[in-house]
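The values are calculated or read from the model by the stated rules, or taken from the named source; none is laboratory data. The structure presented is a predicted model; accordingly, all values stated were derived computationally and were not measured. Methodologically, a virtual Cβ is constructed for each residue, glycine included, from the backbone with ideal geometry; neighbour enumeration extends over all protein chains shown.
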Amino acid sequence: MALPLKIDVLPEPYIEFANAGRHVDPRRGLAENGPADNHGLRRIRVGLVGLPEDIEASHAWIKRIGAFAPAYENNSHRFRDWPGLKAALNCEFVIDDAVIRPIEPAIYNALFRDALTGRSFNELVELFDGRISSLFGDEAPDCVVVCIKPELGDLRVANPGLTPEERKALEVLRAEEESDQLALFQPSPDELKAAEALYTMADDLLFRTFYRAIKAKTMTHDEAVPIQILRRDTVDRPDDKGQSFATRFWNFSTSLYYKARGIPWRPTDLPKNVCFVGVSFHHMKRRSGHLVYASVAQAYSTDVQPFALKGANIDHDQRIDRQPYLNEAQASGLLEDVLNQYFDRAGVMPDRVVIHKTSGFQEEEVAGFKKATKDRVATVDCVWLRSTSFRMVRKGLEEPWRGTLCTLADQAYLFTAGYVPWWNEYPGMHIPAPLEIGSAAPSDMRERSKEILTLTKMNWNSSEGISRLPITLLFARRVGELMSELSDNATPKSSYRFYI
């Protein structure tokens, strides 16, 4: 007997801006109302680090952000004109000579040539870190923009700290991850890329990139401020090639505003005093020479700013069906740390905790989470999200709408990607892939899906307001990448501002 398929379309969540203004589209909401934390014109002090010619080009480009710029893309519903910095975010970016640190071209060129072979990679990172960290202190800027050439942004070298045995073990794990991704139903390149966010990715330890090495290095300083990478090809690419300057201004400015302790928008549809936690795992190398998984929690709530915490290290053989997991003590300890951080920031314990994970929950994990919340939190929901081969099209070959929820018996599939009605467009090349959603215990999957859909709009690294994953898992891989660069005893910054 065929199982009944129930199809529902969840309403697109609204987000909130200044003066209680609401909209589904961040760009329209910002242009009409201003950022959520709007308390008058903000002067955001921006530092610049890079080669002299890159600093000069980037400085001129950032000055242009103050003025209006038209969007040249085909769809005016999706790609909005840039109204100017004051009109969009009620702020101005201020750059003065005291916060500019040039890199000596001769030193850079010599180190970059050797870094291509992996020999002076650390020295190249130290060169930039020295200029960036010289800006930290009492007179630090709100954010440091690091201007780099495309070839430096693309620099990727083999990790020299691995022994041949460790490299071989990671290559086996990488082959496992790739086979898991290819198990999806006819995966497109876009789907494979999206699926990477749900895996531990052995590549992150096999190779080092300048981008994540410099971000990890700078956050180790006590008085660090977030950095924003600005590639020279972003500055130089003509207005009619790829993204228009208007779109680039929207994305750059929104990200920088958040990193400078701003809040561009807030959710309107999430319950108050609920802590949403994403749990993920990442390959690490201990100083003792032992390869482990690091457990990481990413937390978000309407009552506190998002933060990330590193939990216990887990031996590589602590896996079930090739997926790492937490034992009871590790799960309890990780969630206890999250709750303590939440209490320190909010002054109260959350009424409820929702835990997101990209693999099913083991009994030990559920027991540990319940132990941590006993007598402290009334309710804990354990919800998993993963890639799936499930596909659906509407009549003809039209794409499902974003927010479509398909329920088949006890299985739920949520389309966080799909046709976007307020854009009148599906922003993809292939049939959209949903997330399969389940729970470790009976739960209202429609309500859990509504929460997930709202959390996909909390990506301040873009001004589009649409992500495939909720914020609890969206930056999991990026957090793991940066933590893989840190030593065992290093305490990573908890604020999300350092990771996006």
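Observations on the model:
- Residue list for region 238-252, restricted to those being in a helix (DSSP H, G or I) and either under 16 Å from the mean Cα position of the chain (by Cα) or over 25 Å from G47 (Cα atoms) (or both): N251, F252
- Looking across region 253-289, the residues that are assigned to a helix (DSSP H, G or I) and under 25 Å from D204 (Cβ atoms) come down to S255, Y258, K259.
- Selection count where residues are charged (D, E, K, R), closer than 20 Å to G84 by Cα and surrounded by fewer than 19 Cβ atoms within 10 Å (Cβ to Cβ), scope region 17-44: 4
- Output for region 346-368, where each listed residue is over 24 Å from the mean Cα position of the chain (by Cα) and hydrophobic (A, V, I, L, M, F, W, C): V348, M349, V366, A367
- Test for T456: is it under 28 Å from F245 (Cβ atoms) and of a type in the set (V, I, T): yes
- Highlighted here are the strands (runs of 3 or more DSSP E) found entirely within region 345-413 that include at least 1 residues which are acidic (D, E): 379-387.
- Looking only at residues of region 1-49 that are under 24 Å from the mean Cα position of the chain (by Cα) and β-branched (V, I, T), we find that the one that is farthest from P271 (Cα to Cα) is V49.
- Yes/no for D81 being of a type in the set (D, E), in the same structural domain as H39 (by TED's automatic domain parsing) and over 21 Å from E32 (Cα atoms): no
- Of all residues in region 290-307, those satisfying the criterion of being in contact with a helix residue (DSSP H, G or I) (Cβ under 8 Å, 6 or more places away or on another chain) and in a loop (DSSP other than H, G, I, E, B) are S301, D303, V304, Q305, P306.
- Extreme residue, modelled with the highest pLDDT, among residues of region 1-35 that are of a type in the set (G, A, S) and under 27 Å from F415 (Cβ atoms): G29
- Pairs, first more than 19 Å from L482 (Cα to Cα) in region 270-282, second part of a loop (DSSP other than H, G, I, E, B) and among the aliphatic types (A, V, I, L, M), C-beta under 6 Å, six or more apart: none
- Within region 423-479, the set of residues being in contact with a Cys (Cβ under 8 Å, 6 or more places away or on another chain), more than 24 Å from T302 (Cα to Cα) and surrounded by fewer than 22 Cβ atoms within 10 Å (Cβ to Cβ) comprises A440, A441.
- Checklist (1) more than 30 Å from V24 (Cα to Cα); (2) touching a Leu at 6+ places or on another chain (Cβ under 6 Å) applied to G66, failing item: (1)
- Taking every residue in region 41-67 that is assigned by TED's automatic domain parsing to the domain that holds S244 and pairing it with any residue that is part of a strand (DSSP E or B) and small (G, A, S), at least 6 positions away or on another chain, the pairs with Cβ-Cβ distances below 7 Å are S58/G50.
- Yes/no for E139 being in the same structural domain as D222 (by TED's automatic domain parsing), farther than 21 Å from D236 by Cβ and part of a loop (DSSP other than H, G, I, E, B): yes
- Members of region 22-47 found to be closer than 17 Å to E464 by Cα, of a type outside the set (D, E, K, R) and not in a helix (DSSP H, G or I), listed by number: H23, V24, G34, P35, A36
- Condition check for V125: more than 25 Å from R237 (Cβ to Cβ), crowded, with 20+ Cβ neighbours inside 10 Å and at pLDDT 95 or above: yes
- Residue within region 241-248 that is touching a residue at least 40 places away in the same chain (Cβ under 8 Å), in the same structural domain as A60 (by TED's automatic domain parsing) and not polar (S, T, N, Q) present: yes
- In region 396-421, residue farthest from L474 (Cα to Cα) [restricted to those that are among the charged types (D, E, K, R) and surrounded by fewer than 23 Cβ atoms within 10 Å (Cβ to Cβ)]: E398
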